[in-house]
1. Could you list, in sequence order, all residues of region 149-177 that are surrounded by fewer than 17 Cβ atoms within 10 Å (Cβ to Cβ), more than 18 Å from residue 2 (Cβ to Cβ) and β-branched (Val, Ile, Thr)?
2. Please work out which residue is least open to solvent (accessible area, probe 1.4 Å), limiting yourself to region 231-244 and to residues that are in contact with a helix residue (DSSP H, G or I) (Cβ under 8 Å, 6 or more places away or on another chain) and in a loop (DSSP other than H, G, I, E, B).
3. Hey, can you tell me all the residues within region 1-16 that are open to solvent by less than 10 Å² (accessible area, probe 1.4 Å) and either assigned to a strand (DSSP E or B) or aromatic (Phe, Trp, Tyr) (or both)?
4. When the residues of region 213-229 are filtered to those that are over 14 Å from the mean Cα position of the chain (by Cα) and not in a loop (DSSP other than H, G, I, E, B), which remaining residue is surrounded by the fewest Cβ atoms within 10 Å (Cβ to Cβ)?
5. Specify the residue that is nearest to residue 140 (Cα to Cα); the eligible residues are those in region 185-205 that are assigned to a loop (DSSP other than H, G, I, E, B) and touching a Pro at 6+ places or on another chain (Cβ under 8 Å).
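The values are calculated or read from the model by the stated rules, or taken from the named source; none is laboratory data. Quick caveat: nothing in here was measured; it's all calculated off a predicted structure. All Cβ positions, even for glycine, are placed from backbone atoms using ideal geometry, and neighbour counts span all protein chains on display. Areas reflect the complete protein model, heavy atoms only, side chains present, ligands, DNA and RNA absent. Shrake-Rupley method; radii C 1.70, N 1.55, O 1.52, S 1.80 Å.
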Amino acid sequence: MLTLAHLSDIHIDDDPRSADRTRAVMRYLESLPGPLDAVLVTGDIADHGLAEEYGTARDLLASRFPTAVCPGNHDDRTAFRRVLLGEESGGAGNGADGGNGDGNGADGGNGGGARPVNRVLRLDGLTVALCDSSVPGRPEGFLEDETIAWLDAVLTGSPGTPALVGMHHPAAALGVPYVDGIGLRAPERLEEVLRRHPQVVAVLAGHAHTPASTVFAGLPLLVAPGVVSTALTPAETAERIPIDRDLPPQFALHVFDGRRLTTHVRTVI
């Protein structure tokens, strides 16, 4: 049995509010009395992609648990890699192995400044591949050829190990028009890869600032709630940008029993 904490959209900026909400979630995770096998953060770490925002986020997200993070549309790849991940902007090309050799490392695998920042976390009996769906300067998502090839290689390399595939942008509509308008473009590119690899158990995403579940490529698509704010459905608001900043931060707990994933959403007060 594996338990994974999945949070998203912390949007660190110069307002202490975002940091306070992120700190509350991480404090909750660090105080859990039972086992937690990993922390996954699916994008929009910084609100403006600034180095100082990533410095704050790096400290806030520091954890005793294995952690994997991918960028969102508010993130800057170069600053993300250099400050948050502590990697140089240049370096080697794609890689897919855990960083410490014991199944618990996360490997960026991508050098080169503005190249996609793809991460893989190898746990005992589960591979987690986080793809960079960000498009520099744009709010919508897209998986570049390099990322598609990287994901296919990661999944090909562990055909007998169950896998989760995650990214920032949801690959299917969620019924929130503002979010759906800036979702993942050309999702069929992702679907083609997923259908070649039957060991994939589910797809994870963020971006929507609301806990949601649907189906994509015949798999569960599980969207983490937002830490910084919560998005509302058309039944709850007529605002074009349907954001509630007063609701408390939330995150998801995914429990994997070796065959299927069960998701619980927790509110941090």
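1. The answer is 156, and nothing else.
2. The qualifying residue least open to solvent (accessible area, probe 1.4 Å) is 242.
3. 4, 5, 6, 7, 8, 12
4. 215
5. Among those residues, the one meeting the criterion is 197.
Here is a yes/no grid of residues against (1) buried (at least 22 other Cβ atoms within 10 Å of the Cβ); (2) of a type in the set (Phe, Trp, Tyr); (3) free of Cβ contacts under 8 Å to residues at least 40 places away in the same chain; (4) closer than 20 Å to residue 269 by Cβ:
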site	(1), (2), (3), (4)
18	yes, no, no, yes
22	yes, no, no, yes
42	yes, no, no, no
48	no, no, yes, no
51	no, no, yes, no
60	no, no, no, yes
65	no, yes, no, no
71	yes, no, no, no
